[in-house]
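Enquirer: Below are the structure tokens for one structure; questions will follow.
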Amino acid sequence: MAQSNKQEAGDLFAGFRTGFKSFATDAIHIGQEPEQWSSMAVVPPISLSTTFKQRSPGNHAGFEYSRSGNPTRNCLEKAVAALDGAKHCLAFASGLAATATITHMLKKGDGIVCMDDVYGGTNRYFQRVAAGFGLETTFADCTKPELLKAALKPNTKLVWLETPTNPLMKVVDIKTCSDLVHEHSKDIVVVVDNTFMSSYFQRPLALGADICMYSATKYMNGHSDVVMGLVSLNNDDLNERLRFLQNCEEIITIGGVPSPFDCYLCNRGLKTLHLRMEQHFKNAMAAARFLEADSRVERVIFPGLSSHPQHEVMKKQCTGCPGMISFYIKGKLEHATTFLSNLKMFAVAESLGGYESLAEHPTSECFFCVQHMLKLHRLLSGFRAIMTHASVPEKERAVLGISDTLIRLSVGLEDAADIIEDLDQALNAALSEIAWHPASAQDKEWSQQHFMLTLARFSAIIRTLSQHQATANDRNHAGVLSMDQVGGSSGGGETN
């Protein structure tokens, strides 16, 4: 049985780059040396202290204040640097905190070239936040080097690659793009978002990138219980600039460091990264082959399949494939939403890379309209673009191919047979004879009438709330102190 499993794994990884030497050993031991602790603890302890005693003014033992450095975070950063083949690593409070800090190295008037298909939060940050700082972002399909070259301008200072991309799984040739950019100007910083791959399957720095970054929330931690970002690099100057920005208390948006407990959890997750990624690959390949052979599926996008347009690029620069699959279900929006609603083991949720299988619909119409689910919460939450790519403009999604029938899977570590069984029964539910039956004119009229009725009720609720707010404001003006008047604040802002 052991020999059979080994042969199966060998066939799966055939044609890919050879795995990185001593990866598992480094993940378990680098940065974890018991000798660094007076207790000789084999497992690094969680150092919760925010401040550290100095022998004399300015004479400290390596740590002063936890924002600028923490023993538990230091263990994690050393381990990740080793796994990425890097000289330096910085841990951040989230992947977007890492993105913001990297972008803060630029100045007003500088330009960014970004892969056209990227995580929605990255797209939103560049278009809505970075633009406010005077930064100009150009989006290009970097799977075609000639388009990347055409997008480079005299003011370009940052190129942001994501490979494979989210959610369309495009694969960018990192070496080709990095060489092209650095030939244009050695001052341009090439960043690769390596979130989908992890250190185990891809090392962007070895392929010419200047910075490798992650949402460590995903595969690097692997247990869906940590929000964190990681940045690995070799350049000493870039490292110093990023550390200054991360620790700079004068800039309110920076200073995004993770908690010691989160660092402990992520550090622990690294110890099984190699085992998890191999199983993710095996399960995803089984699921992708099942979906590709199924007549109920229009198209499967998985870089491990020979049908993927950049399959050879994937094999050239990676040691394997992650558990991410995107596919187009046959039919229309209602078939996609019915499929998702009928999954039993897969959880319909955002994020990815945990041990559990997840499914999501990057863009969606009103669920309640297509399924006659006319509850008020559907009205509040069911409109187009409700999940990871909600912030990407509708026209851009259409050009990219992020359509109503696109479904993204994060295949977990469950038994492959159970994963396939769940997909199969959900496809049956979505594409049964009843689901395929076109709506009658009477049904359409019923839907429209109830939609308008629900909308009218919702509008009435909004008016009532507005009246209550106006009454409260009148009371405040009459002498009843508001929170702001007594020094408090209700805050506010958009949640992600």
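Enquirer: How would V411, V313 line up from fewest to most surrounding beta-carbon atoms within 10 angstrom?
Expert: V313, V411
Enquirer: Cut-off is 10 Å between beta-carbons; in what order do Y65, Y214, Y119 appear when sorted fewest neighbours first?
Expert: Neighbour counts put them in this order, fewest first: Y65, Y119, Y214.
Enquirer: From the Cα trace of segment 92-139, what convex hull volume per residue do you get, rounded to a whole Å³?
Expert: Hull volume over Cα atoms, normalised by residue count, gives 63 Å³.
Enquirer: Please work out the Cα center distance from segment 121-146 to segment 50-112, rounded to the nearest Å.
Expert: The distance from the Cα centre of segment 121-146 to that of segment 50-112 comes to 25 Å.
Enquirer: Right, here's the next one. Taking 0.36 nm per residue of sequence separation and subtracting the Cα-Cα distance, how much length would be gained by fully extending the chain between S22 and E183, in nm to one decimal?
Expert: Answer, rounded to one decimal: 54.6 nm.
Enquirer: What pairs in K170/K282; K21/K149; K108/K218; K53/K107; K87/K316; K157/K282 have C-alpha atoms more than 30 Å from each other?
Expert: K21/K149; K108/K218; K53/K107; K157/K282
Enquirer: Counting other beta carbons within 10 Å of each Cβ, put M228, M345 in order, fewest first.
Expert: Going from sparsest to densest Cβ surroundings: M345, M228.
Enquirer: In whole Å, what are the extents of segment 225-292 along the principal axes defined by its C-alpha atoms, from largest to smallest?
Expert: 53, 27, 21
Enquirer: What residues from segment 92-112 fall in the zone where the backbone N is under 17 Å from a label point 7 Å along the Cα-to-C-beta line of Y65?
Expert: none
Enquirer: Shifting gears a bit: Could you order peptides 140-151, 329-340, 38-49 by the average number of other Cβ atoms within 10 Å of their residues, highest first?
Expert: Answer by packing, highest mean first, reads 329-340, 140-151, 38-49.
Enquirer: Here's something else I'd like to know. Work out, in µm²/s and without decimals, the Stokes-Einstein translational diffusion coefficient of segment 21-269 at 20 °C, 1.002 mPa s, Rh from Kirkwood over C-alpha pairs.
Expert: Answer, rounded: 115 µm²/s.
Enquirer: Right, another one. Please name whichever of T143, P260, F196 sits farthest to the positive end of the charge dipole of segment 21-269, dipole taken about the Cα centre and charges placed at Cβ: Lys and Arg +1, Asp and Glu -1.
Expert: Looking along the dipole axis, the top candidate is P260.
Laboratory data are not the source of any read-out in this text; all were calculated from the coordinates shown. Note that the coordinates shown come from a computational prediction; the quantities given were computed from them, not determined experimentally. Because the Cβ atoms are built from the backbone with ideal geometry, glycine has one as well, and the counts that use them run over all protein chains shown.
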